[in-house]
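Contents: one structure, followed by commentary.
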Amino acid sequence: MASSDKTGSFSTTKWLAVVGIGADGVAGLGDHAKTIIAEAELVFGGQRHLDMVAPLMTGSAAPWPAPFDSEMKAVIRERGRKVCVLASGDPFNHGVGTTLTRYVDPAEMIVIPAPSSFSLAAARLGWALNEVETISLHGRAIERIRPLLHHGRRILALTSDGAAPADIAKLLADSGFSSSAFTVLERLGAQDERILSHRAGAIGDQRFADLNIVAIEVVAGPGAQVLPLGFGLPDDLFAHDGQITKREIRAATLSALAPQRGQLLWDIGAGSGSVSIEWMLAHPSMRSIAIEHHPERARRISENAKRLGVPDLKIVECPAPAALDGLEQPEAIFIGGGGSRDGILDHAAKALRAGGRLVANAVTLEMEAALLAFHGRFGGDLLRISISRAEPVGQMSGWRPAMPVTQLIWVKP
């Protein structure tokens, strides 16, 4: 095991230093960080950070390229030299440190973090950081905040630029959360930091400093579109043309799929995308590929995914089984509409990872026959799910049954 060097500078084994720096620049750095920067032969960072530490540097400055190189090739090429990378705040809290460790062994690194924007914001507001939802919207769709909007919760959101707070406030207002307390914290740690508080519905088109974090105390107004935890979102949250796995069947389907963190789902014949969307809402690490050959439905899936907070849902607009070739191997597969086509069940079963789960629903006799044939060859569990809803019958009410669903659940050996 490599020995720990908590206080040392560069060495033959530790060639790369990652130094967190706040908006207060050099004034906020400790002696160790200042020594590291002074000793570095090459210092990488954004131009703003490089300008801050220029009085300390004896080596060469290397501004990040545009567009940003996520593979860190320029840094890796300098292995063996004394290299310093400047990062905003905590390099391992939505920072460049997590990118670097994909390519550099942590044993080769010296890391000196500074307080993160989340830590500084919680300190200014007096919020317990461990009880707050935190999310980075830097360079990401602001709709990712949607699943966090639950009444009474507190959220800290790191944004991309000065226009982002107004965009987030509009999203809240449009979704029924306009009364939420909305605080914008600008340039935290700098001498000119500023904290401005409003209600989300009163932000309008204001612009703020590009370095900002948004703090939200969520208030759900009447009719607010809250996305509840668990499975079975109301059908009317999804735009659809009737091709949707209905709420009760969807809840049973997702329970059968048994999602686990970090897993990938293939949603074959995705329709409205409801199964994929709820799969991804289960945890931020979840991923899904929605396969839908109908162009208008594919467009609706994209709109539904963005509006409901999972804009990273991948959509493949192509009929199965041809659409499945070349896709990343999944841990789970759901087959809905179009599942009766020849070869889809067998193709899906072959593609599934060992230990993965295949769930297929049938409402037609043809699809049911395909499930029965598959079950006869490979086993699994078969269920018949029947739902009835109370509806008016003249002046009274009665039960109106929906079409029964036959469900196959199969775990690949």
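Stretching the chain fully between residue 35 and residue 411 yields a gain of 129.7 nm (0.36 nm per residue, less the alpha carbon separation). Only beta bridges with both residues in the chain are counted; by DSSP, about 45 percent of them are antiparallel. Based on the alpha-carbon gyration tensor of the chain and its eigenvalue square roots a ≥ b ≥ c, which shape applies: rounded if a/c is under 1.5, prolate if not and a/b is larger than b/c, or oblate? Here the chain falls in the oblate category. With θ taken as phi - 60° and the Karplus curve 6.51 cos²θ - 1.76 cosθ + 1.60 applied, the whole-hertz 3J(HN,Hα) list for segment 91-98 is x, 10, 10, 6, x, 5, x, 5 Hz, x standing for glycine and proline. A compact globular protein would have a Cα radius of gyration near 2.2 N^0.38 Å; the ratio found for segment 65-151 is 1.34.
May I ask you to work out the translational diffusion coefficient for segment 213-264 at 20 °C, viscosity 1.002 mPa s, via Stokes-Einstein with Rh from the Kirkwood sum over Cα pairs, reported in whole µm²/s? Estimated via Stokes-Einstein, D reaches 156 µm²/s.
Our helix-only sum for the chain, with -39,500 (n - 2.57) per DSSP H run of n ≥ 4 divided by its residues, gives a mean residue ellipticity at 222 nm of -7000 deg cm²/dmol.
Peptides 296-305, 59-68 ranked from most to least packed by the mean count of surrounding Cβ atoms within 10 Å: 296-305, 59-68. What Kirkwood hydrodynamic radius do you get for segment 16-114 when you take the inverse of the mean 1/r over all pairs of distinct Cα atoms, in Å? Taking every pair of different Cα atoms in segment 16-114, averaging 1/r and inverting gives 13.2 Å. Max-minus-min Cα coordinates of segment 235-411 on each principal axis give 56, 41, 29 Å, with the largest extent listed first.
Between residue 195 and residue 105, the contour length at 0.36 nm per residue exceeds the alpha carbon distance by 28.5 nm.
Residues 174, 90, ranked from the fewest to the most other C-beta atoms within 10 Å, line up as 174, 90. For segment 118-217, the equivalent ellipsoid derived from the alpha-carbon gyration tensor has semi-axes of 18, 16, 13 Å in decreasing order.
Placing one equal scatterer on every Cα of segment 161-215 and applying the Debye formula, the log10 ratio I(q)/I(0) at q = 0.24, 0.25 Å⁻¹ is -0.84, -0.90.
Debye-formula intensities of segment 337-389, expressed as log10 I(q)/I(0) at q = 0.19 Å⁻¹, are -0.68 (one equal scatterer per alpha-carbon, no solvent).
Computing FRET efficiency as 1/(1 + (r/R0)^6) for residue 69 and residue 365, where r is the C-beta to C-beta distance and R0 is 56 Å, gives about 0.50. In segment 28-77, the convex hull through the Cα atoms has an average projected area of 3.9 nm², a quarter of its surface area. Cβ crowding within 10 Å ranks 58, 253 as 58, 253, fewest other Cβ atoms first. Each residue of segment 255-270 is assigned a 3J(HN,Hα), and the resulting list reads 4, 5, 5, 6, x, 10, 3, x, 7, 10, 10, 9, 10, 8, x, 6 Hz, derived from the Karplus form 6.51 cos²θ - 1.76 cosθ + 1.60 (θ = phi - 60°), x at Gly and Pro. Size descriptors for segment 307-413: radius of gyration and Dmax over Cα atoms are 17.1, 57 Å.
Given a Förster distance of 22 Å, report the FRET efficiency between residue 299 and residue 140 from their Cβ-Cβ distance, rounded to the nearest 0.05. Using R0 = 22 Å, I get an efficiency of 0.55. Rg to Rh for segment 162-319: what is it, with Cα atoms only and Rh by Kirkwood? Rg/Rh: 1.06.
FYI, it's all coordinate maths here, none of it is from the lab. Given the structure is predicted, the values throughout are model-derived calculations rather than measurements. For neighbour counting, all protein chains shown are included, and Cβ atoms are generated from backbone atoms with ideal geometry for every residue, glycine included.
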